[in-house]
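Report on one structure; see the data block that follows.
The values are calculated or read from the model by the stated rules, or taken from the named source; none is laboratory data. These numbers come from a predicted model, not from an experiment. All Cβ positions, even for glycine, are placed from backbone atoms using ideal geometry, and neighbour counts span all protein chains on display.
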Amino acid sequence: MKHGELAKELSPSLQFIDGSAVGSNYTNDHFKKLQAISLTHFGFQIFIFSIFYSFILTDIVNLTNKAIEYAYMGDNVKAEALLNNTLALESEVSKAGIEANRIKLYMTIGSLSTVAGIFLTIYLYLRSNMWLLWAKTHREWIIMKTGGSKNIRDGDTVEIAKSYGAKVFLRKPWGYVEPDRIFALKKASYGWILYLDDDELLGKKLKNELKDLIQRAEERRFVALSTVRINYDAKYRQVLFGSAYPDRQIRIYRKDKVSYRGMVHELPRVFGEILELPEDYYIIHYYFFRRKNIVFYAYLESIEYFQHFTRSKIRKALWKFTPISAPFIIAYHLIFDLMIKTNPYINACTIFRTVDLYSFYEILVHTLTKFRGRRRTKISKLISTYGLIKLLEHEAN
């Protein structure tokens, strides 16, 4: 996947009002009016030339018949004069015929252009909306709504989802989405699931070939598809690399072959083979950085995870000495994620977020874990062992 191609796909989705679209609509309306006037003008011309042409032919036939009559009567002078008049009209007939054929050619070209334009419009519409139409008729959309939003009214979210034929379920807000995934899976009627958050979109290639990818996966007995998630910083309008790339996610799977425990930032446990898709099949994640959300997620993770695992012994050692080791954790990410690791591209946003987001979040999680106390440690061990969903169901019963 090229960085330039990704930028072309990301940029239009952030422009809600485009001045060129207004000008395009005006131009199209103006063109349609001119096209209607032109077609009317051509039709009128054909009508006039048809009448004119028929009159000239009638005169030629009448003059020829009279010339024959005068010739039978022996009046050769009048017959010759009429034939001369007939020959004089021949040039007018030729001009009228040429003009009529020219207008007929223009009408034919115009008609073919109109038909071609209609078919091209239908093709472009189907190409951009075929996946949506197919999804409406062959699959179901399940929307889990658990709370309000500052950007849009609560009613708008539900009404927009229902207008696309989605099943909408209102749930008690938890502050994060993970506890509701099991509920959503139980409501799904079909075997294969595509899971997306409200700040994510499918890449063009993944969207267009999704049905074929699932069919191939079933033929080869894969139960899940692994895709790259592109994290796009909505504030700085740049793609995040470093520790954020490639952000492999399992978002397409058979619902009977995965399980969730309801823990924050949890990846599904898959029972079967996983097909790893190339990097040009990706999901776009529009990241909106909010400090209070980072603190909230770090707090949840410190309670729900009894232990954190890493293959790096250096990183594991640094976790034991948080928050004193905070500068070294930042240095670790800058060295290993930006310098040693192979990245397609490094930008200023990636460097800044490596310090301000990823390093800060990791430091905060392990600091809260270290000082969570005995009671919360026991709770985290129970959640890690049995899962949050089962504990909540047990408490409800």
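Couple of notes before you dig in:
- Any chance Gly387 is under 30 Å from Arg181 (Cβ atoms), surrounded by 14 or more Cβ atoms within 10 Å (Cβ to Cβ) and among the small types (Gly, Ala, Ser): yes
- Residue within segment 288-300 that is more than 27 Å from Tyr195 (Cβ to Cβ), of a type in the set (A, V, I, L, M) and either part of a helix (DSSP H, G or I) or within 36 Å of the chain's Cα centre (by Cα) (or both) present: no
- Across segment 350-392, the qualifying residues are those that are over 18 Å from Asn231 (Cβ atoms) and either outside the structural domain of Ile329 (by TED's automatic domain parsing) or among the aromatic types (Phe, Trp, Tyr) (or both), and the one among them that is modelled with the highest pLDDT is Phe371.
- Test: residue in segment 269-283 that is closer than 20 Å to Leu388 by Cβ, among the small types (Gly, Ala, Ser) and either not in a helix (DSSP H, G or I) or not assigned by TED's automatic domain parsing to the domain that holds Arg248 (or both): no
- The residues of segment 248-267 that are modelled with pLDDT under 90 and within 21 Å of Tyr305 (Cα to Cα), listed by number, are Ser259, Tyr260, Arg261, Gly262, Met263, Val264, His265, Glu266, Leu267.
- The one condition in (1) hydrophobic (A, V, I, L, M, F, W, C); (2) in contact with a His (Cβ under 6 Å, 6 or more places away or on another chain); (3) closer than 27 Å to Tyr236 by Cβ that Leu300 fails to fulfil: (2)
- Within segment 337-353, the presence of at least one residue that is among the small types (Gly, Ala, Ser) and under 29 Å from the mean Cα position of the chain (by Cα) is confirmed.
- Evaluating Lys145 against the criteria (1) basic (Lys, Arg); (2) in contact with a strand residue (DSSP E or B) (Cβ under 8 Å, 6 or more places away or on another chain); (3) at pLDDT 80 or above; (4) farther than 19 Å from Pro278 by Cβ leaves one unmet condition, (3).
- In segment 380-392, the residue that is farthest from the chain's Cα centre (by Cα) out of those that are in a helix (DSSP H, G or I) and of a type in the set (Gly, Ala, Ser) is Ser380.
- Residue in segment 288-342 that is modelled with the highest pLDDT, counting only those that are of a type in the set (Asp, Glu) and in contact with a Ser or Thr (Cβ under 7 Å, 6 or more places away or on another chain): Asp337
- In the set (1) without any contact (Cβ under 8 Å) to a residue 24 or more places away in the chain; (2) closer than 21 Å to Trp192 by Cβ, Glu273 fails one condition alone, (1).
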